[in-house]
Protein chains: 2
Amino acid sequence: MLEKTRRAQRRQDTSNEIKAVARRHMQTQGAGALSLRAIAAEMQMTAPAIYRYFQNRDALITALIVDAFSALAQALEAARAAHSSASPVQRLLAVLLAYRAWAVEHPTDFQLIYGTPIPGYEAPRDVTVPAVVRGFSVIVGLIDEVLQIVQPPAPYNTLPPALRAQFEALIARDGYPISVLAFYLGVIGWTQLHGIIMLELFGHLPPVVGDSEGFYHAQVVNMMRTMGIEP
Amino acid sequence: MLEKTRRAQRRQDTSNEIKAVARRHMQTQGAGALSLRAIAAEMQMTAPAIYRYFQNRDALITALIVDAFSALAQALEAARAAHSSASPVQRLLAVLLAYRAWAVEHPTDFQLIYGTPIPGYEAPRDVTVPAVVRGFSVIVGLIDEVLQIVQPPAPYNTLPPALRAQFEALIARDGYPISVLAFYLGVIGWTQLHGIIMLELFGHLPPVVGDSEGFYHAQVVNMMRTMGIEP
DNA sequence: ATAAACAGTTTACGGTGTTTACTTTTGTTT
DNA sequence: AAACAAAAGTAAACACCGTAAACTGTTTAT
């Protein structure tokens, strides 16, 4: 077990500072507008120096995406922990509300994860998939808990055979300790709530519904009710 | 009433060609990656010549967005017309399927409309709102028709007072000849289906559900059922 | 002490949007 | 047909961008 050398520590610090500055630039300028030269200038360095820390611009963005995924998952886990004494249903509700809350508080990070970050850029799957799994498993885990108590009505009590096979394979691959139905309801809920959040972040929803937070909350409750989960 | 002069006609042609080339570049290269120089080169012009037709790059993109909105609305109207002899419920189903179909066939245009097209760029509201209204009114119009026949169950038979006031104002402003409840269900459906489409376009859904089209179709049916509309 | 690894700079290349000044083309008017 | 004004397009320049290569100094390990 080696002690971290002075240089290794400084290297870590510089790397983190680059990401921090990049994240800050993103927030004010927009997702894809970050410039290595601008980042370097703010750090009193020259642009090529950044290449000592990230292979290229895409690699830096990938690192930011991983951090964002991780932060989102942490936010969900924190919400779950904060309501550990509540009922599973209430805990699920709290986590779903935390999902949007994080997105609204970190819009550029959310767009980085789920939007189109860069022109020709696509984040490497082998690094994003585990990150997605971590956050997603918080939600489906709670759904699985809830399903111990309640039973969803039609059409959410059965799932198409093709989906069943697909989901069983994923559950086995990613090691979710949950039922297929919980996974199914999780995916459905994910897509429904995601639509609201994306439309809100891109400014399409607010002019229609006014109070986006209230609308989201109401829709979460509506969705849970259609699934037989009464909050 | 003046006839269009020869020069005005040629100007229109060139302007259209610029947009066409830009759209094609977008499809292969990505949404925000289009380059005025590349467009000009393909047209055997120099980049500054484009400034005779569009004030700058953002203006060109705005024009593309307007065209995309218009094309989407046309696709929905075409779907409605193609099923004019079917029942309102079947017509609604067809239009909702056409919504995703257009998005999948024109992914970059869809992202242009609903994604974050450019770093600091945001499309001017006064030009996007009317374009949104045209497409949206096709959907809510059909929902209104359907609601003449069926009555949705809870929780979709009532809407929060705040939303009622908001929607009534919008219905009056944009001249939708429909009921508040139809508007409400339209917004809910819009957000739900939008989530599926966005996740599919950005590549997050396919690895989870496999057959995205099948999943979308099933979810449209599920949603209609929860709203009391049996397809 | 000395060699290797590392962090950073300088320089350079090809690309971008955009502005300015100039030239060519086009259509109309005398 | 000649002259002219408007429009369309070009060339050069500016200020950026990502990134590759060569080079300089510092830190670490042997």
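Nearest 100 Å² is fine: how much accessible area is buried between A and B, summed over both sides, with a 1.4 Å probe? Could the numbers behind the result be given before it?
Values: alone 12550 and 12520 Å², together 21420 Å².
For A against B, buried area totals roughly 3600 Å².
State whether the protein assembly as shown is rounded, prolate or oblate according to the following rule on the C-alpha gyration tensor (a ≥ b ≥ c being the square roots of its eigenvalues): a/c under 1.5 gives rounded; otherwise a/b larger than b/c gives prolate, and the remaining case gives oblate. Working shown, then result.
On the way: a/c = 1.93, a/b = 1.03, b/c = 1.87.
Because a/c hits 1.5 or more and a/b fails to exceed b/c, the protein assembly as shown counts as oblate.
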Longest principal axis of chain B (C-alpha) makes with the long axis of helix B:125-147 (C-alpha) an angle, in degrees to the nearest 10, of 30 degrees
Starting at the first residue of region B:91-103, write each ³J(HN,Hα) from the Karplus equation 6.51 cos²θ - 1.76 cosθ + 1.60 with θ = phi - 60°, in whole Hz, x for Gly and Pro.
5, 4, 4, 4, 5, 5, 5, 5, 4, 5, 4, 5, 4
May I ask for the angle, rounded to the nearest 10°, between helix B:6-29 and the longest principal axis of chain B, with both axes built from Cα atoms and the value confined to 0 to 90°?
70 degrees
Give me the percent relative contact order of region A:73-196, please, defined on Cα pairs under 8 angstrom at least 6 residues apart.
26 percent
Per principal axis, descending, Cα span of region A:107-231 in whole Å
39, 37, 23
Counting partner chain Cβ atoms within 10 Å of every residue's Cβ in A:153-165, what's the average?
3
In nm to one decimal, list the spacings between the B:ILE149 label point and its equivalents in the other copies, with label points set 7 Å along Cα to Cβ, shortest first.
3.9
Per the rotation taking chain B to chain A, min distance Cβ-to-axis on chain B (residue, whole Å) equals B:GLY195, 1
Long-range Cα-Cα pairs in chain B (distance over 25 Å), rounded percent
50 percent
Between the label point of B:ARG6 and that of the same position in each other copy, find the distances and list them shortest first in nm, with every label point placed 7 Å from Cα along the Cα-to-C-beta direction.
8.1
Sort shortest first the distances from A:GLY175 to its counterpart in every other copy, using label points 7 Å along the Cα-to-beta-carbon line, and give them in nm.
6.1
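Explain nothing, just the number: dipole magnitude of region B:1-54 about its Cα centre with +1 on each Lys and Arg Cβ and -1 on each Asp and Glu Cβ, in debye rounded to the nearest 20.
Computed charge dipole of region B:1-54: roughly 160 debye.
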Under the definition of partner shielding as Cβ atoms of other protein chains within 10 Å of a residue Cβ, what is the mean value for peptide A:124-135?
1
Distant alpha-carbon pairs in region B:1-54 (separation over 15 angstrom), percent:
50 percent
Rounded to the nearest 500, the 222 nm mean residue ellipticity computed for chain A from DSSP H runs (n ≥ 4, each -39500 (n - 2.57)) alone is -23000 deg cm²/dmol
Tell me the carbon and sulfur percent of the accessible area for the protein assembly as shown, rounded to whole percent, probe radius 1.4 Å.
52 percent
In region B:1-54, if the dipole is taken from +1 on Lys/Arg beta carbons and -1 on Asp/Glu beta carbons about the Cα centre, which of B:ALA33, B:ILE50, B:ALA22 is farthest to the positive end?
B:ILE50
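Once you average over the residues of A:180-192, how many Cβ atoms of partner chains fall within 10 Å of each Cβ?
Details: counts 0, 0, 0, 1, 1, 0, 1, 7, 9, 1, 6, 16, 9.
Per-residue shielding by partner chains comes out at 4.
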Compute the helix-to-body angle for A:212-226: its Cα long axis versus the longest principal axis of chain A, expressed 0 to 90° and rounded to tens.
40 degrees
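Treat every Asp and Glu Cβ in the protein assembly as shown as -1 and every Lys and Arg Cβ as +1, leave all other atoms uncharged, and give the resulting dipole magnitude about the Cα centre to the nearest 20 debye.
Details: 38 positive and 38 negative charges, 267 e Å.
My answer is approximately 1280 debye.
The values are calculated or read from the model by the stated rules, or taken from the named source; none is laboratory data. Model, not experiment: these values are computed from the prediction. Ideal geometry is used to build each Cβ from the backbone, glycine not excepted, and the neighbour counts take in all protein chains shown. In case anyone asks, the SASA skips ligands and DNA or RNA and just uses the protein heavy atoms, side chains included. Shrake-Rupley method; radii C 1.70, N 1.55, O 1.52, S 1.80 Å.
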